[in-house]
Amino acid sequence: MKQSIPTYDLNSITQHGILIERIEKRTMSSTDNLFDKGIHRDSHYIFTFLESGRAKMMVDFKVIEAWDSAVFFLLPGQVHQGILMEQVTGWFIAVKADLLPDAVRSVFEESLVDIQPVAVDHSWIEKLNTCAGMLQMSCTEEMLATKEGFLVVQSLMSAFTGLYALIFLGGSHTGTSSESRAVQLTRKFRILIRKEFKTLKSPSAYARILNISPGYLTEVIREVTGKSAQHWIHQEVLIEAKRLLFFTQLSVKEIAYELGYGDHAYFSRLFSKVEGCPPTEFRDKYRSRQ
């Protein structure tokens with residue numbers, strides 16, 4: 001058991017921040033070293049397009065399965081582990097976050113629901129294959145070595161991930177400008193929490209950054225999500241706490257400090273209240289399943 005969850009980036013593979021691979025009828029399990037690095041995070045996005053076959057992985061304590069034709073993505077920082085690939089044909093693409101357009105990133109990073117694989121039909125399969133194929137042909141050292149060539153590759157990456165965004169939005173989204181003020185504010189709040197949850201623990205702190213009153217923030221978040229603003233702050237703290245409890249040897253006290261709590265007893269009470277059991281019990285319960 002490690003003291004921390006390892007985080008991998010693309011620097012050891014490519015200096016350009018983009019990796020694309022075509023997968024043809026591949027079958028692998030978590031025991032294959034080439035398939036999985038063990039439990040880890042990545043500092044980049046991962047986009048998986050499953051044209052056929054079956055894939056299974058663990059993402060932040062949930063087992064995610066995709067089969068036949070589906071698309072799926074992982075956000076930077078999500079803890080995951082590959083479990084199974086069975087006769088998989090499709091595409092695997094990894095890309096640094098700063099190479100994606102803000103409009104595309106906002107779809108993925110500000111999602112108001114749990115990320116799940118989405119099935120795609122023949123029309124989408126054709127579009128994704130065409131775009132991924134063009135991206136792979138263009139993603140060469142010669143192209144990436146020049147400013148103009150890199151811009152071409154980045155544009156094709158934007159097109160491919162833009163297709164993903166449309167799929168996950170159901171193909172009917174026309175941009176945040178068409179959303180209500182409440183939904184836009186909720187998205188901003190959710191992404192802000194993911195960046196600041198270790199230092200900012202109260203809705204009023206986020207309200208100040210968003211330049212609104214705490215009462216208005218609480219009202220809007222409950223209207224859009226059905227949950228309180230404090231609930232979402234606690235959820236972000238809780239998922240990171242679970243990651244550290246399950247995947248590291250850090251003590252509860254060390255985890256509390258890592259998450260920004262000077263009083264580890266308070267952190268333990270909060271965890272117990274939200275999760276329904278103390279941190280140590282959670283650790284023992286989930287490790288016993290391995």
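Got the relative contact order for the stretch 59-119 handy, in percent, Cα pairs under 8 Å and 6 or more residues apart? Let's see the in-between values first.
Details: 28 pairs, mean separation 37.5, N = 61.
Relative contact order of the stretch 59-119: 61 percent.
Heavy-atom accessible surface of the stretch 105-253, averaged per residue, reaches 49 Å², computed with a 1.4 Å probe.
Just the Kirkwood number for the stretch 182-290, please: inverse of mean 1/r across all distinct Cα pairs, in Å, one decimal.
On the way: mean 1/r = 0.0682 Å⁻¹.
Over the stretch 182-290, the inverse of the mean reciprocal pair distance is 14.7 Å.
First select every other residue whose beta carbon is under 13 angstrom from the beta carbon of Trp124; then total the charges, Lys and Arg +1, Asp and Glu -1.
Values: positive: Lys127; negative: Glu51, Asp68, Asp121, Glu126.
Surrounding charge for Trp124 is -3.
The aspartates and glutamates within cross-link reach of Lys242, meaning a Cα-to-Cα straight distance under 15 Å and a gap of 8 or more places when in the same chain, are Asp60, Glu254, Glu258, Glu275, Glu281, Asp284. Among Arg222, Arg243, Arg194, the order of accessible area from largest down is Arg222, Arg194, Arg243, computed with a 1.4 Å probe on protein heavy atoms. For the chain, pairs of C-alpha atoms spaced more than 28 angstrom apart make up 45 percent of the total. How would you classify the stretch 243-290 from its alpha-carbon gyration tensor, with a ≥ b ≥ c the square roots of the eigenvalues: rounded for a/c under 1.5, else prolate if a/b is greater than b/c, otherwise oblate? Oblate, since a/c reaches 1.5 and b/c is not below a/b. Toward the positive end of the charge dipole of the chain, with +1 on the Cβ of Lys and Arg and -1 on the Cβ of Asp and Glu, the farthest Cα among Leu200, Leu99, Val152 is that of Leu200.
Contact order normalised by length for the stretch 203-290, with contacts defined as Cα pairs under 8 Å and 6 or more residues apart; what percent is it?
Numbers: 62 pairs, mean separation 16.9, N = 88.
After rounding, I find 19 percent.
Against the main long axis of the alpha-carbon atoms of the chain, helix 122-138 sits at an angle near 80°. The lysines within cross-link reach of Lys56, meaning a Cα-to-Cα straight distance under 19 Å and a gap of 8 or more places when in the same chain, are Lys25, Lys37.
The values are calculated or read from the model by the stated rules, or taken from the named source; none is laboratory data. Remember, it's a predicted structure, so these values are computed and weren't measured experimentally. Heads up, the Cβs are rebuilt from the backbone with ideal geometry, glycines too, and the neighbour counts pull from every protein chain shown. Calculation scope for accessible area: heavy atoms of the full protein, side chains included, ligands and nucleic acids excluded. Shrake-Rupley method; radii C 1.70, N 1.55, O 1.52, S 1.80 Å.
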